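What follows draws every value from the coordinates through simple rules; no lab data is involved. Bear in mind that the values here come from a model prediction, so they are computed numbers and not experimental data. Here the Cβ positions follow ideal geometry from the backbone for every residue, glycine too, while neighbour counts run over all protein chains shown.
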Amino acid sequence: MPDAGLAAELAGINAHGLKRRRHTLGGPQGAHVVVDGREVVAFCSNDYLGLAADPRLTAAAREGAERYGVGAGASHLILGHNTAHHALEEALARFVNLPRALLFSTGYMANLGIVTALAGRDDAVFADKFNHASLNDAVLLSRAEFRRYPHNDLAALEKLLAVSKGRRKLVVTDAVFSMDGDIAAVPELLRLCERHDAWLVLDDAHGFGVLGAEGRGVLAHYGIASPRIIYMATLGKSAGVFGAFVAGEVDVIEMLLQRARTYIYTTATPPLLAHALLASLEIIANEEWRRTRLAQLAAQLKQGLVKLRWQLAPSDTAIQPLIVGANDGALRLSALLQERGVLVPAIRPPTVPQGTARLRISLSAAHESRDVALLVDALCAASAAA
């Protein structure tokens, strides 16, 4: 018999305006896409540099497939670690100026691997309350003491660190917070870690490729380096392909290779993707105009929405959240925009705190000024009609 409890739970999700629905993309990722059979301007992709459909990466992937085949066929520690993977790991370590790097299939798996390999029952992990779900799940799986501090509250974090009896201490944080777009105070976090003998784990999924000189990420953005830093970034957002990596000290990466279950017990990603990512790193470093355009588009958006009834949250990144408040209000606004050919997702709890439902506007170097103007006009019209 079907589980009546599941049906009741699903009905409750729908009644509270929290039901999630998938859109179907008909074709490659981009600023102008066909979604559910209709052409729209999309402001909901993490393809911040506009590389997901870049023909140079397509050509590199094709070349990789011809050279290495399609599938890796095994885990990295059996027979799946290809010369393409190895070359990419070395290139990534150089790119973020850390001694060694290790590839993971996804950012979620990388975060699970870091925390569960380095922390256990006798250890303590300290996490920003706005961290990505993967970091929270990682701590729960590790069975370490889990202490969360208010968003960007360094004083609260220091108090927690000062009284901790953890054998090993990890401070874990998003570098760019995925739903708010603000940047963590990494230099100050690092000083606290140095003072209290803790590791600093940085999830730079939304900063890699966008922040810092040549897009080298949050460490380059702040001009900092430390053997206490464990750095994770994803390769399916700004890099335009797929995967993730962790970089840090040699012994840290070796411990992940030996103990990270999400690395050991899964098939390696196709080597053709690693080959494509080598081309992506060159584009990221050499095409500064992409980051310049992102900054210009963000400035245009902020200027155009100054008098809007809803407010943009403070953000200097490609993520520009428009705070609406109520779940149904965010859903209605998203639907109104879609009627005008603009796709912006409504983000609701539990992804964001109660009462802060929003439109998460994601800018891309693939957008033009006229695309942002269309979004601004649509939002102003919706605001006037509300």
Residue hits (the stretch 73-105; assigned to a helix (DSSP H, G or I) and over 23 Å from I284 (Cα atoms)) are H76, L77, I78, L79, G80
Residues that are out of contact with any helix residue (DSSP H, G or I) (no Cβ under 8 Å at 6 or more places or on another chain) and either surrounded by fewer than 18 Cβ atoms within 10 Å (Cβ to Cβ) or assigned to a loop (DSSP other than H, G, I, E, B) (or both), drawn from the stretch 237-250
K237, E249, V250
Those residues that are surrounded by 24 or more Cβ atoms within 10 Å (Cβ to Cβ) and under 21 Å from R293 (Cβ atoms), I need them from the stretch 212-232; list them, please.
G215, G217, V218
Whether any residue in the stretch 203-218 is farther than 25 Å from L49 by Cβ and not in a helix (DSSP H, G or I) is what I want to check.
no
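Among the listed residues A15, A61, identify the single one that is over 25 Å from the mean Cα position of the chain (by Cα) and of a type in the set (A, V, I, L, M).
Values: A61 fails: over 25 Å from the mean Cα position of the chain (by Cα).
Every option except A15 fails the conditions.
Could you please let me know if Y108 is hydroxyl-bearing (S, T, Y), in contact with a helix residue (DSSP H, G or I) (Cβ under 8 Å, 6 or more places away or on another chain) and assigned to a loop (DSSP other than H, G, I, E, B)?
Working: hydroxyl-bearing (S, T, Y): yes; in contact with a helix residue (DSSP H, G or I) (Cβ under 8 Å, 6 or more places away or on another chain): yes; assigned to a loop (DSSP other than H, G, I, E, B): no.
Against the criterion (hydroxyl-bearing (S, T, Y), in contact with a helix residue (DSSP H, G or I) (Cβ under 8 Å, 6 or more places away or on another chain) and assigned to a loop (DSSP other than H, G, I, E, B)), Y108 does not qualify.
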Kindly list, by first and then second residue, each pair from a residue in the stretch 287-309 that is free of Cβ contacts under 8 Å to residues at least 40 places away in the same chain to a residue that is crowded, with 18+ Cβ neighbours inside 10 Å, limited to pairs with Cβ atoms under 7 Å and residues at least 6 apart or on different chains.
K302/L312
Let me spell it out: the conditions are (1) of a type outside the set (A, V, I, L, M, F, W, C); (2) more than 17 Å from the chain's Cα centre (by Cα); (3) crowded, with 17+ Cβ neighbours inside 10 Å; (4) closer than 29 Å to W289 by Cα, and N327 meets all of them except one. Which number is the exception?
(4)
